[in-house]
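Since the structure comes first, as structure tokens, the remarks are kept for the end.
Read the figures in this text as sums done on the coordinates, not as results from a lab. Worth saying up front: this structure is predicted, and the values here are computed from it rather than measured. All Cβ positions, glycine included, derive from the backbone under ideal geometry; neighbour counts span all protein chains shown.
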Amino acid sequence: MNTPRLEARHLTKRYPVGGRKGSLLHAVDDVDLVIQPGECVGLVGESGCGKSTLARLLARLIDPSEGTIHLDGHDTTALSQAAFVKSPDRARIQVVFQDPTESLNPSFRVYRSISDPITRLLGVEDTGELFDRVHRAADLVGLPRELIQRYPHQLSGGQRARVGIARAIAVEPSLLILDEPTSALDVSVQAVILRLLADLRERLGMSYLFVSHDLNVVRLLCTRIVVMYLGRVVEVAPTEQLFTAPRHPYTQALVAAIPDPARRDEQRPRLDGSPRSPIDPDPNTCRFHGRCPIGAERCTQEAPVLRTMGDDHVAACHFA
Amino acid sequence: MSALLAIEELSLVFRTRHGTVRALEDVSLTVDRGEIVGVVGESGSGKSVMAYAALGLQDAAAQVLGGRILFGGLDMLNAAPDVLAATRGREVAMIFQSPRTALNPIRKVGQQIADVLLEHTTFRGAALRAQVIEALSRVRIPDPERRAEAYPFELSGGMCQRVMIAMALACSPALLIADEPTTGLDVTTQAVIMDLVREMSRTSRMSTLLITHDLGLAGEYCDRIAVMHAGHIVEIAPTVELLARPAHPYTRQLLASTPTPRTTIADLVSIPGQLPDLRQELPACRFSARCERHIPLCDERPLPWTVVAPGHAVRCRVPL
Ligand SMILES: Nc1ncnc2c1ncn2[C@@H]1O[C@H](COP(=O)(O)OP(=O)(O)O)[C@@H](O)[C@H]1O
Ligand SMILES: Nc1ncnc2c1ncn2[C@@H]1O[C@H](COP(=O)(O)OP(=O)(O)O)[C@@H](O)[C@H]1O
Ligand code: SF4
Ligand SMILES: [Mg+2]
Ligand SMILES: [Mg+2]
């Protein structure tokens, strides 16, 4: 068996709640995630379910409350976050954030935005080598060289997205985490960026964790999809299977909610209400209970765990 | 048969320090009773400007160069301010993209709905209270009695949006103008809200102008769709017809760049170039610089409409 690119076990992040002594917000709760070399895994779920927190945990931008992360076999959680920043593993995992306007320093020219991580993470100081690496990254993402001396505000949304990606791949990561990389873009620009990402993965052999709320987008790039609900993974399945035969009632509602002109007049099941509070959730109640169309007595007595539904397919529901 | 809302050959510019922005040129659109009409296009194409103009709401910098807007026979561009205000509140309702800024942060949401009803209906006392609860439960807000007592900050973004919609629908408006009403909401919530809008148009003959950048959403819910590009409506058709037989090259490209549940990454096409700068001299067809079908005739004014099928018109010299 190959070493997975990424293997997270029991990953948990709880935040103390201001003003309520002893109360904890369960942002990410006991998540297991494995990503193979070259694999692209999608991560979906409604806002607030913990996608960005999980992304930040994996990139070691924040410390987990519990759990371990192995990257190419190295335990990155053995180091404190401060020590990890200086470790060689830091360059292997890179994050591309949703809004490049926020993640790019407005007072840095494109050149500096891309070269900065190369110096910081790979220790490259030589101006000639730096120049080559910046230009190689810019070429890879199709960023015209004349834009390299510009500031972010002088770029279009699509160009800024390219800079965000160039900056991440310049340090040759083995895993790229993309947190809603196209949700601020118009569809025509999104199309270019999605094709670019597909092409880069093929050429550079990176693995992706692709976070998005748009299932039509996730489908295009990912071979396997992880569905989260209120901090927990509720279903993992190969892409086509997740769309055609979702097993968890939340996934079923999610898939049914995708707008689709081909199903204009079909009545589809709808999900009412809003999720329960992520603060001090009852460990013996399913997180989806109260909103779930099935919701039986058993669901309030015993929290469901992930069970095998078939090849490579798991779901956490008593009735799945 | 006359339409409830008729925008006729509307041209509107913004006079700014940096020049004249030709935001709308010769825009015509009608919405019949009970009809849902979608307006789609990239950001900056003039969708919001048109929506506000339809309500007789314009920025101080705006100047109408020509055209008319008729709402139930009322001339919205020349009506007295008090007549306009009364019409807007009672017969036309608008939903904006960011509900939090549209709600009063220091007033309970139930009171805000009551305010609207007090102004425009004869409900008082217990009957008024009942109407408020009814308005909240219609948008499927769970536990409406308790939610009525909440302040906006105590509710999630999705809940606030539903309160906004409850408020907009409370007086049973004849026309709903919804500008990106579900952008930023989870797809499951989006589906519930859009189902409700559709139900209102079927049961109460409410007319809806749905502005969205999401062709999939427009494709599922609208009866007709107008495609906007750089301040022009370039094509208008019944939804099924538009999606099956787009006649304008821009519409075809917009469709090809929008992921659907059946798209593959190889199908995904982007639109070359970008929207022209609306402050510069513009050609007769504002898409010409991006268009692969462009011929010299395209530059001759005026650019005529061609009817390619019943109810299906396109503003292109070389339609598909
Ligand atoms: N730094 C933080 N402190 C406290 N709570 C947080 C923090 N970051 C995120 N959360 C909470 O954790 C939950 C998950 O948030 P997030 O990971 O951003 O969700 P998503 O990306 O899926 O929208 C939310 O309830 C959010 O309010
Ligand atoms: N108050 C204003 N002053 C100057 N230009 C404006 C103003 N409002 C909108 N515009 C311009 O009008 C065009 C259309 O904008 P808008 O209707 O907001 O586009 P959309 O809603 O389709 O994204 C844009 O070029 C925008 O910059
Ligand atoms: S375990 Fe029960 S409440 Fe949870 S998803 Fe399944 S049926 Fe619904
Ligand atoms: Mg997030
Ligand atoms: Mg707009």
Quick one: angle between helix A:157-169 and the longest Cα principal axis of chain A, in degrees between 0 and 90, rounded to 10, please. 80 degrees
Summed over the other residues with a beta carbon less than 12 angstrom from that of A:His318, with K and R at +1 and D and E at -1, the charge totals +1
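Can you give the Rg to Rh ratio of chain A, both from alpha-carbon atoms, with Rh computed by the Kirkwood formula?
For chain A, the value is 0.99.
I'd like to compare B:105-112, B:72-79: which one has the highest average count of other Cβ atoms within 10 Å, and what's the full order after that?
Highest mean packing first, the order is B:105-112, B:72-79.
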Kirkwood hydrodynamic radius (Cα pairs, Å) of the protein assembly as shown? 26.7 Å
Report, as an integer, the average count of C-beta atoms from other chains found within 10 Å of each Cβ along A:177-188. 4
Determine the gain in length on full extension of the stretch B:Glu9-B:Arg245; use 0.36 nm per residue of separation and subtract their C-alpha separation, reporting nm with one decimal. 82.4 nm
Lys and Arg at +1, Asp and Glu at -1: add these up for the other residues within a Cβ distance under 13 Å of B:Asp75 and post the number. 0
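What is the Cα radius of gyration of the stretch B:30-135 over 2.2 N^0.38 Å, N being its residue count?
Rounded to two decimals, the normalised Rg is 1.27.
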Between B:Arg252 and A:Ser23, what's the calculated FRET efficiency when r is the beta-carbon distance and R0 is 56 Å? Round to 0.05. 0.55
So what's the Cα pair-distance distribution over chain B, bin width 20 Å, in %? 31, 56, 13, 0
Return the calculated 222 nm mean residue ellipticity for the protein assembly as shown, to the nearest 500 deg cm²/dmol, obtained by summing -39500 (n - 2.57) across DSSP H runs with n ≥ 4 and dividing by the residue count. -9000 deg cm²/dmol
Average beta-carbon neighbours from other chains, 10 Å sphere, peptide B:265-274: 5
Which order do the peptides A:295-305, A:152-162, A:49-59 take when ranked by the mean count of other beta-carbon atoms within 10 Å per residue, highest first? A:49-59, A:152-162, A:295-305
List B:Tyr52, B:Tyr250, A:Tyr15, B:Tyr221 from most exposed to least, where exposure is judged by having the fewest other Cβ atoms within 10 Å. A:Tyr15, B:Tyr52, B:Tyr221, B:Tyr250
Can you sort B:His120, A:His10, B:His312 so the residue with the fewest Cβ neighbours within 10 Å comes first? A:His10, B:His120, B:His312
Highest-fluctuation residue, A:Asp260, A:Asp186, A:Asp30 considered, GNM on chain A with Cα pairs under 10 Å: A:Asp260
Over 10 Å intervals from 0, what percent of Cα-Cα pairs in the stretch A:213-320 sits in each interval? 14, 45, 33, 8, 0
Convert 20 °C to kelvin, take the viscosity as 1.002 mPa s, use the Kirkwood radius over C-alpha pairs of the stretch B:131-171 as Rh, and evaluate the Stokes-Einstein diffusion coefficient in µm²/s, rounded to a whole number. 217 µm²/s
How much net charge surrounds A:Cys40 when only other residues with a Cβ under 9 Å from its Cβ are counted (Lys, Arg +1; Asp, Glu -1)? +1
Compute for the stretch A:131-234: radius of gyration divided by Kirkwood radius, i.e. Rg/Rh, restricted to C-alpha atoms, rounded to two decimals. 0.99
One finds the C-alpha centres of the stretch A:302-320 and the stretch A:141-170 to be spaced, in Å, by 43 Å
For chain B, with a Gaussian network of springs between Cα atoms less than 10 Å apart, report the residue from B:Met206, B:Met50, B:Met159 with the top mean-square fluctuation. B:Met159
